[in-house]
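Worksheet: one structure, shown below.
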Amino acid sequence: MNTAPRYMAGRMSGRISGRFSGSWLSRPASDTQVTHRGRLWLYALAALIMIFLVVPTLIVIPMSFSGSQYLEFPPRDWSMRWYDNYLQTSEWMTATWVSIKAAVLTVLVVTPLATMAAYGLYVSQLKAARYVFILLITPMMVPVILIAIGVFFAYTRLRLNNTMLGLVLAHSALALPLCLIVISAGLKSYDMNQERVARSLGASRLRAFMVITLPQIRFSVITGALLAFIVSFDEVIVALFITGSGMSTITRSMFLALRDQIDPTIAAISTILILITTAALVAAQIFGRTAQKKS
Amino acid sequence: MQRIDALPIHIRAVTKTYGAVYALDGVDLEVRSGEFLTLLGPSGSGKTTLLMVLAGFTRPDAGSLKFGDAEVIRMPPHRREVGMVFQNYALFPHLDVAANIGFPLKLRGIDKNDIHARVESALATVQLQGFGDRRIHQLSGGQKQRVALARAIIFEPRILLMDEPLSALDKKLREHMQIELRRLHEQLGMTTVYVTHDQREALTMSDRIAVINHGRLIQLDDPRAIYDHPADPFVANFIGESVLLPVEIIDGKPCYRGRPLQVAAGHARDDKTTPGALLMLRPERLVFMDDARADAAAYNRFDGVVGHAVYQGENFVTYITLDDGHEVAVRSVSRKQSLAAAPPPGSTVTLGLHRDETALIPGHTAAAGNNNNDAETNRGHKP
Ligand SMILES: Nc1ncnc2c1ncn2[C@@H]1O[C@H](COP(=O)(O)OP(=O)(O)OP(=O)(O)O)[C@@H](O)[C@H]1O
Ligand SMILES: [Mg+2]
């Protein structure tokens, strides 16, 4: 349906190109009568915003290939030495593993919890369900620094500071809201009658969920899991409070390194992080898109 | 597929409330073994709720439910062995047609080859041979309907529940599927509870119809009894068109405007002496009186003035205002003679209702209800 007008517009402009200039500027920009020329200001604004958003992130990439001792832009000579330095320094490697472990464990904790919570809240007929939902997403609304302080003092009592368990639990609390929201959204477009049918056909509730419901909301679940990974992997504030040497995450180590000594290793690591995060986000997008197409 | 051993269903005093709303209000209902019973009622009357109670998805506040001799009110849905078809089919889009239909068998741990054979046989039963490896989104509405049906009957449930299964189909296909559903029921013979709010569908398909309103069972009867002898004004208006006229009892005999009425003998419900009884006039039962009729004496007579007429293709309907102000409709078959003989607007006519077709129904206890119903039926419209 969407393609028909565009197709027609294309054909029309082809046929009467003698009268119109034929340049794309005078063609309609959408199904409205606004031409691309009339939209130029909008394109320019959009481009500016994109540049503003992306360039500060991308600027570290050329800097990471610098041959000099100091962070500089643009670099005067090129090398891979800072990547070597990163891979060769055991502190960096330890921190990287801590981050990866924490992120993976967070995903493993959060995804099943968020799925169960989303399902429970969706099928629940209780009025309180709405308030439970709001309660579960508060970590997203409270400033992270407050959470960090609170967690730090709680962990001092519980002796969980500077432990992997403590780190994973804190990250799980931070990642749960996003994961819950994504999976809840997925469930909204799912027809619960399918699960009812499955149950009437002889499947227990758990079985019906696993065999019928879960496969159909899998894209939202995977998207939620990827987002949980990113939340944990990118997190620095809570890690600053509750982890120390030996349990430092990569982002925390970077933060400290930036404060103490500025060398292009940071840029090299940033580049790698950008790659990983972008890959995860793109994957989440792709899964999200597929989920939408399915429903 | 083979004939199935059917089970009777005993529903006793089932009540379900949502807040202040009585979705079901003390429903007592016996569904006979192997019968095709239709729950008929307006929107919000509790039909789906009752079906969900039968399937086990809704636990009633009170009451008992037995399949055969077994009390099942606490039994979870997956143990009830009840086939179910939803209005929107609820097919599993991530499985193909064969996997959808074979799903109940797979749950029961049946061997792969067996499943394959039985799926083929079920596909044949619903006339979808060769559709096994189609995806769900490649099916038309009618085909989806058949897949849902095949999936609900393949494990040979002794009870089959259907919630408005045809309402998403167009008229032609719906009528075709009505016949197929009936044929399938005759072939397999499971106890079937069917929900619809389409009165014609209910009359066409059912062994018996249970009319429900406001969560209460109003009348349970076979289609002809429901149509000819409605238990109350609600049923008379909900099924078919009717105008209800007040009847007085004079000397123990029912009279309309002082004139005694001849009433069909024999039906228990046509109690001729109940105060507040109503006379039911159905458009197709009324005729224009012609004293040349041999059996003219067998007709009750009503005088009135002809209003407008509506041509409907196979029928034409003439609206007549009776002397007491009630507007009634007369439906005649559109044939050349009857069209030519139709009385012109403004003329006075006498309508006749044969005494064998004259039915009295018990009136509402509340007089306000009566007026309401008359006002509605005077428009003479039905879906
Ligand atoms: N989950 C629920 N929560 C609150 N009220 C409900 C719920 N389910 C049903 N009801 C109410 O119970 C009554 C009966 O509903 P039900 O769905 O059984 O009607 P129905 O006869 O199937 O109507 P329809 O023909 O529109 O499908 C309605 O008043 C409805 O609003
Ligand atoms: Mg319903």
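The values are calculated or read from the model by the stated rules, or taken from the named source; none is laboratory data. Because the structure is a prediction, the values reported are computed rather than measured. Please note: Cβ atoms are built from the backbone with ideal geometry, for glycine as well, and neighbour counts cover all protein chains shown. Quick note on the areas: whole protein, heavy atoms, side chains included, nothing else; ligands and nucleic acids left out. Shrake-Rupley method; radii C 1.70, N 1.55, O 1.52, S 1.80 Å.
For segment B:21-50, a residue qualifies if it is away from ligand 1 (no atom under 12 Å from the Cβ) and in contact with a helix residue (DSSP H, G or I) (Cβ under 6 Å, 6 or more places away or on another chain), and the qualifying residues are B:Phe36, B:Thr38. Taking segment B:68-92 as the range and being open to solvent by 30 Å² or more (accessible area, probe 1.4 Å) and at the interface with another protein chain (Cβ under 7 Å from one of its Cβ atoms) as the test, the residues that pass are B:His78, B:Asn88. Would it be correct to say that B:Ile154 is more than 16 Å from ligand 2 (Cβ to nearest atom), within 14 Å of chain A (Cβ to nearest Cβ), farther than 22 Å from B:Ala70 by Cα and surrounded by 20 or more Cβ atoms within 10 Å (Cβ to Cβ)? Judged against the criteria, B:Ile154 is a match.
Listed by position, the helices (runs of 4 or more DSSP H) enclosed by segment A:153-263 that each have at least 2 residues that are buried (at least 23 other Cβ atoms within 10 Å of the Cβ), within 19 Å of the chain's Cα centre (by Cα) and of a type in the set (Ser, Thr, Tyr) are A:214-234.
Taking the stated definitions as given, is B:Val53 surrounded by 19 or more Cβ atoms within 10 Å (Cβ to Cβ), facing chain A (nearest Cβ under 9 Å) and within 16 Å of ligand 1 (Cβ to nearest atom)? So B:Val53 fails the test. Filtering segment B:1-20 to residues that are more than 14 Å from chain A (Cβ to nearest Cβ), part of a strand (DSSP E or B) and either closer than 20 Å to B:Phe155 by Cβ or within 16 Å of ligand 1 (Cβ to nearest atom) (or both) leaves B:Ile9, B:Ile11, B:Val14, B:Thr15. The helices (runs of 4 or more DSSP H) falling completely within segment A:29-128 that include 1 or more residues that are farther than 16 Å from A:Ser270 by Cβ and touching a helix residue (DSSP H, G or I) at 6+ places or on another chain (Cβ under 6 Å) map to A:90-123. When B:Ile4 is tested against (1) in the same structural domain as B:Leu220 (by TED's automatic domain parsing); (2) open to solvent by less than 40 Å² (accessible area, probe 1.4 Å); (3) in contact with a helix residue (DSSP H, G or I) (Cβ under 9 Å, 6 or more places away or on another chain); (4) farther than 19 Å from B:Asp221 by Cα, only condition (1) is not met. Looking across segment A:31-54, not a single residue is modelled with pLDDT under 75 and open to solvent by less than 50 Å² (accessible area, probe 1.4 Å).
Going by the conditions given, is A:Met164 more than 10 Å from every other protein chain (Cβ to nearest Cβ) and touching a Lys or Arg at 6+ places or on another chain (Cβ under 7 Å)? Answer is yes for this residue. Suppose the filter is open to solvent by 70 Å² or more (accessible area, probe 1.4 Å) and either touching a residue at least 12 places away in the same chain (Cβ under 8 Å) or not assigned by TED's automatic domain parsing to the domain that holds B:Val193 (or both); does B:Asp221 pass it? No; evaluated as a whole, the condition is false for this residue.
For every residue, the table says whether it meets (1) within 15 Å of ligand 1 (Cβ to nearest atom); (2) buried (at least 19 other Cβ atoms within 10 Å of the Cβ); (3) within 14 Å of chain A (Cβ to nearest Cβ).
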| position | (1), (2), (3) |
| --- | --- |
| B:Arg182 | no, no, no |
| B:Arg200 | no, no, no |
| B:His214 | yes, no, no |
| B:Ile226 | no, yes, no |
| B:Pro233 | no, yes, no |
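Given the criteria over 29 Å from B:Leu91 (Cβ atoms), part of a helix (DSSP H, G or I) and away from every other protein chain (no Cβ under 14 Å), does A:Leu273 qualify? Considered against the rule, which asks whether it is over 29 Å from B:Leu91 (Cβ atoms), part of a helix (DSSP H, G or I) and away from every other protein chain (no Cβ under 14 Å), A:Leu273 comes out as yes. In segment B:137-149, the residues that are of a type in the set (Val, Ile, Thr) form Cβ pairs under 8 Å with partners that are open to solvent by less than 10 Å² (accessible area, probe 1.4 Å), at six or more places apart or across chains, as follows: B:Val147/B:Val97; B:Val147/B:Asn100; B:Val147/B:Ile101; B:Val147/B:Val126; B:Val147/B:Leu128.
The set of residues from segment B:22-41 being open to solvent by 40 Å² or more (accessible area, probe 1.4 Å) and either without any contact (Cβ under 8 Å) to a residue 60 or more places away in the chain or under 21 Å from the mean Cα position of the chain (by Cα) (or both) comprises B:Asp25, B:Asp28, B:Glu30, B:Arg32, B:Ser33. Has segment B:57-65 got at least one residue that is within 16 Å of ligand 1 (Cβ to nearest atom), touching a residue at least 60 places away in the same chain (Cβ under 8 Å) and either touching a Leu at 6+ places or on another chain (Cβ under 6 Å) or more than 13 Å from every other protein chain (Cβ to nearest Cβ) (or both)? The answer is no, given that none of the residues of segment B:57-65 is within 16 Å of ligand 1 (Cβ to nearest atom), touching a residue at least 60 places away in the same chain (Cβ under 8 Å) and either touching a Leu at 6+ places or on another chain (Cβ under 6 Å) or more than 13 Å from every other protein chain (Cβ to nearest Cβ) (or both). Annotation: of all residues in segment B:235-254 being open to solvent by less than 30 Å² (accessible area, probe 1.4 Å) and of a type in the set (Gly, Ala, Ser), the one that is nearest to B:Val211 (Cα to Cα) is B:Ala236.
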